[in-house]
1. Going through the stretch 229-278 one residue at a time, which ones are under 17 Å from the mean Cα position of the chain (by Cα) and closer than 24 Å to E104 by Cα?
2. If you check D121 against the conditions, is it over 22 Å from F212 (Cα atoms), acidic (D, E) and more than 23 Å from the chain's Cα centre (by Cα)?
3. Any residue at all in the stretch 69-85 that's in contact with a Ser or Thr (Cβ under 7 Å, 6 or more places away or on another chain) and either at pLDDT below 90 or under 23 Å from D357 (Cβ atoms) (or both)?
4. Under 7 Å between Cβ atoms, which residue pairs at least 6 apart in sequence (or on different chains) link something in the stretch 99-116 that is farther than 23 Å from D210 by Cβ with a partner that is at pLDDT 95 or above and assigned to a loop (DSSP other than H, G, I, E, B)?
5. Hey, can you tell me all the residues within the stretch 340-352 that are closer than 15 Å to D183 by Cα and either in contact with a Phe, Trp or Tyr (Cβ under 6 Å, 6 or more places away or on another chain) or of a type outside the set (G, A, S) (or both)?
6. Among L298, L281, which is the only one that is outside the structural domain of Q37 (by TED's automatic domain parsing), under 22 Å from the mean Cα position of the chain (by Cα) and surrounded by 17 or more Cβ atoms within 10 Å (Cβ to Cβ)?
7. Is it true that some residue in the stretch 322-336 is of a type outside the set (A, V, I, L, M, F, W, C) and over 26 Å from L226 (Cβ atoms)?
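The values are calculated or read from the model by the stated rules, or taken from the named source; none is laboratory data. The structure presented is a predicted model; accordingly, all values stated were derived computationally and were not measured. Cβ atoms come from the backbone with ideal geometry, glycine included; neighbour counts cover every protein chain shown.
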Amino acid sequence: MAKQNLDNIDVSEYPYINKGLEGIVAFSTTKSFIDGQKGELIYAGYNIDTLAENATFEEVCFLLWNDRLPKQDELDDLNKRMIGQRKLPEPVLNYIQSTDKNAEPMAVLRTAVSMLADFEDSSNNTDAAVAMTAQMPIIIAAFARAREGKDILDPLDNGTTAFNFLYMLNGEKPGKEAEKTMDLCLILHAEHGMNASTFTGRAICSTQSDMFSAVTGAIGALKGPLHGGANTAVMNMLLELEEDPDTADPVEFTKKKLANKEKIMGFGHRVYKTFDPRARLLRGMSESLSEETGHEELYEWSEAILKTMKDEKNIDPNVDFFSATVYYSIGIKPDLFTCIFAMSRVSGWTAHYIEQDENNRLVRPRALYIGEKNLDWTPIEKR
């Protein structure tokens, strides 16, 4: 591959070249606002702390899709519609049952969501958003059970998204605290500015492609470890320590990784310059859950790693750091963590699709060509 060199390139026509589009404003939105200096996150006008304390995931979905909170009858109607959309089309269910049981869960989710487009006959964006938000948890729970040789359970015809998901995943109805924890996790991951997956979804929407294509593309972007896979990496790091808990020293463990120039996943953020507000909320959940489930050492190691990273690098944790121990403590396998992220973030992706579609312009940035030009042709026998 040719080395990229800008030395002899006239860049006067491109004064705003930014690697990774850092600092570039591509869209306006009412869906969320992040103040990286204050560590503040807003969903459609509401602070994440307010929503975490008061809202349900279904209320947050309505808020993101409509830019306002629902009235009681509107929330009742949304709950009824989401419950009514839980059943998967038979070909999608057959795919989940027949695909390779060692497949990566995010790859299965991406394929199954793409298949859903074949069975959605509504051109209404909100209907499609409701269908995907209702069905993605079913896909994840169904594959989690199928790969372990367990029967796939039928979805319940009542209960919240969080309640039904935990029931279908674990084969028993969850208690109130487990449901509340799952619901809060869904709220905290629902929306977060113009991240890579949201940008991908909006770019696909801008071509006037359908919502299922946009969400499938967003899942593909989220699948990457630099975006959605970090909490799995965090959990795997903690499990490294758990392999030998008698001699585990999280401080020395972290310092050694830093000395070896290894990245400590779950720390730092492109936007936040202080403690991620979602991480702050998850931190408290992590502590209480670890005590309840006998995983105290995971929380203690997390705190030790957090302090070491602050002392050594002055870096704060992001949402992935404590979400790892929260998910693990409620019985979710590490390789499903990014899928949980997706089943929440679909609410934000679809909200951005609706917003883009209402005031669309094709996303068409330019690229600076830095290769050779007008080369002479060399016959194949002389190359």
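1. G229, A230, N231, T232, A233, V234, M235, M265, G266
2. On the way: over 22 Å from F212 (Cα atoms): no; acidic (D, E): yes; more than 23 Å from the chain's Cα centre (by Cα): yes.
Judged against the criteria, D121 is not a match.
3. Residues of the stretch 69-85 in contact with a Ser or Thr (Cβ under 7 Å, 6 or more places away or on another chain): 82.
Subsequent filtering for residues that are either at pLDDT below 90 or under 23 Å from D357 (Cβ atoms) (or both) retains 82.
Yes, some residue in the stretch 69-85 is in contact with a Ser or Thr (Cβ under 7 Å, 6 or more places away or on another chain) and either at pLDDT below 90 or under 23 Å from D357 (Cβ atoms) (or both).
4. Within 7 Å, the pairs are K101/R147.
5. Filtering the stretch 340-352 for residues closer than 15 Å to D183 by Cα gives 340-347.
Hits for the stretch 340-352 are I340, F341, M343, R345, V346.
6. On the way: L298 fails: under 22 Å from the mean Cα position of the chain (by Cα).
Going through L298, L281 in turn, the sole match is L281.
7. First pass over the stretch 322-336, keeping only residues of a type outside the set (A, V, I, L, M, F, W, C): 323, 325, 327-329, 331, 333-335.
If we keep only those that are over 26 Å from L226 (Cβ atoms) too, we end up with 331.
Checked the stretch 322-336: at least one residue is of a type outside the set (A, V, I, L, M, F, W, C) and over 26 Å from L226 (Cβ atoms).
Residue by residue, here is whether (1) charged (D, E, K, R); (2) outside any loop (DSSP other than H, G, I, E, B); (3) modelled with pLDDT under 95 holds:
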site: S122; (1), (2), (3): no, no, yes
site: A131; (1), (2), (3): no, yes, no
site: A134; (1), (2), (3): no, yes, no
site: P137; (1), (2), (3): no, yes, no
site: A141; (1), (2), (3): no, yes, no
site: A144; (1), (2), (3): no, yes, no
site: D151; (1), (2), (3): yes, no, no
site: D154; (1), (2), (3): yes, no, no
site: G159; (1), (2), (3): no, no, no
